[in-house]
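Working notes for the structure below.
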Amino acid sequence: MTDSLVLAASMVSRAAALRRRAVRDALAAAFVSGLGRTAVSAVWVAAILGVTLLQFVLPLLPWFGARPEELARIFLFAVQHLGDVLAGVLVVGQAGLASTWELWRARERHRFTSVAAAGMDPLELLVLPRVWGLALVYLIGGMLFKVTAVVAAVWVNYAIDGRFLGPEIGGILEEGGRGILAGYALNAAVGAAVGVVCCAPVLGRMSAAETVAPIGRVFRQALVLIFAAKLLFFVI
Amino acid sequence: MLRFEHFELAPGARLEARIERGKLHVLRLDPEHVNEEFLARYLAGGARRAQGELWLEEVKDAVGKPVALRALGEERLRGFFAKFVGFVLRDGGLLDELTVRENLVLSRRYHDVWPRRAKAEAEEMAALLGELTRGDEAGVAAPELLERCPAELNLFARRYWGFVATLLRRPQLVIAFAPFEGLRAADQAAIAALMRRYRKLEPACALLLVVSGAEARSVLATEEVVELRAGEEEFSA
């Protein structure tokens with residue numbers, strides 16, 4: 001009997017906690033729906049990148065003496081790893097800076113004050129959903145580029161030896177399978193870090209322009225460094 | 001219920017005043033020198049940087065001795081706001097990311113009220129205030145307005161629904177900043193009527209209107225008003 005009561009009490013308290021979380025989820029959903037546009041952009045960029053490489057870059061490589069396997073590896077490397085960098089550019093360039101701008105506008109319109117004056121935590125309601133949203137968008141962006149890489153691998157395989165499935169596909173799936181969770185966790189963490197960097201300065205007294213310029217510069221440099229590190233790792 | 005003690009609203013403009021239960025107070029500030037949102041910022045966490053003290057009747061220590069708001073932690077201060085104080089900023093202070101309806105129940109849901117109950121409470125209170133049958137000047141009915149985001153509404157509607165969202169929490173002290181500024185006479189009268197209905201519903205509540213111009217004088221001509229000024233306190237019937 002006591003156990004049943006304890007169980008019932010814990011279920012009720014859990015349900016109440018879930019209801020409370022629902023408020024944050026509603027806000028997060030509102031932001032994520034806006035940020036979803038970024039994910040759509042990621043699809044377009046992935047498609048454009050894939051088509052550009054396949055149509056224009058790939059046919060040129062044999063002129064430089066590349067063998068079909070090397071050609072496939074170069075292509076897959078470009079789509080897979082440059083994809084992460086492009087997803088990062090999209091997250092920073094669109095969703096991150098949009099978040100900075102929205103928060104700056106919210107601050108100028110005293111939304112932090114009005115939320116706090118209604119007894120709510122502005123950090124919880126205005127800032128955290130954006131950080132989660134950015135983590136999600138970077139995650140989705142990274143996934144989209146991985147999918148593009150697999151599709152492109154199928155295409156390349158077909159172009160090289162006339163079969164849709166071959167060793168390159170096996171390799172990329174194997175590699176993807178090994179690092180899939182770690183890779184996505186890293187993407188989400190980077191997205192959240194972008195969110196923190198984009199949102200944090202607004203909580204101080206900096207203007208939008210003062211906030212945006214350094215963020216853009218820092219992330220441009222960071223993304224170049226990440227790509228260079230990946231290239232180095234690949235070469236070694 | 002709220003007491004200002006050497007409270008510095010702006011350099012050289014100090015306020016010594018007491019906000020009484022059941023009365024309508026008007027605080028006139030010089031628009032050139034005073035930021036009207038100063039008080040809201042003070043109460044929303046900027047207390048430690050401000051000059052002077054602010055006392056709320058309900059805030060007491062363990063032995064029942066009044067405690068200045070400055071001494072409270074941020075979490076406890078928020079708890080008191082949620083319970084006793086309601087702010088209405090110039091543009092209503094509603095969140096742009098949510099619809100008006102979501103804004104109305106946001107605070108209740110945040111404080112662990114179940115959605116169905118929060119919605120029922122909001123509708124009951126709005127009905128008491130006579131809001132659910134209200135439309136805008138373009139003939140759009142209230143139920144449709146509730147589904148719109150605040151950015152789609154005009155200044156009057158934003159401020160009006162901001163007022164309603166605040167009053168739904170039934171605060172004992174309502175502080176409104178420039179509630180009549182930039183509105184047509186009919187809209188000013190609508191906001192004054194809303195305040196009147198709320199005072200009828202909650203006779204013990206105190207209202208403090210922070211204004212910079214003379215517009216409040218004509219709108220509230222028929223009301224009994226306690227007029228406050230920075231640096232002095234004067235009463236008029």
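Taking amide hydrogens as placed 1.01 Å from N in the peptide plane, the amide H of B:Phe87 sits under 5 Å from those of B:Ile175, each at least 5 positions away in sequence or on another chain. Ordered by the number of other Cβ atoms lying within 10 Å of each residue's own Cβ, fewest first, B:Arg217, B:Arg169 fall into the sequence B:Arg217, B:Arg169. Every Cα-Cα pair of segment B:49-91 was included, and the share exceeding 15 Å stands at 49 percent. Shown for B:Cys149, B:Cys205: other C-beta atoms within 10 Å of each C-beta, ranked fewest to most, produce the order B:Cys149, B:Cys205. Among B:Tyr198, A:Tyr184, a tally of other beta-carbon atoms within 10 Å of each Cβ gives an order, fewest to most, of A:Tyr184, B:Tyr198.
Summing charges over all other residues whose Cβ lies under 14 Å from the Cβ of B:Ala214, with Lys and Arg as +1 and Asp and Glu as -1, gives -1.
In order along segment B:184-193, the Karplus-derived 3J(HN,Hα) couplings, from 6.51 cos²θ - 1.76 cosθ + 1.60 at θ = phi - 60°, round to 6, 4, 5, 5, 4, 5, 5, 5, 4, 5 Hz, and Gly and Pro are given as x. Residues whose amide H comes within less than 5 Å of that of B:His25, counting only those at least five positions distant or on another chain, are B:Leu207, B:Leu208, B:Leu209, B:Val226 (H built at 1.01 Å from N in the peptide plane).
None of the figures in this text is laboratory data; all of them are computed from the coordinates on show. For clarity, every value in this text was computed on a predicted model and none was experimentally measured. Glycine also receives a Cβ, built like all others from the backbone with ideal geometry; neighbour counts cover every protein chain displayed.
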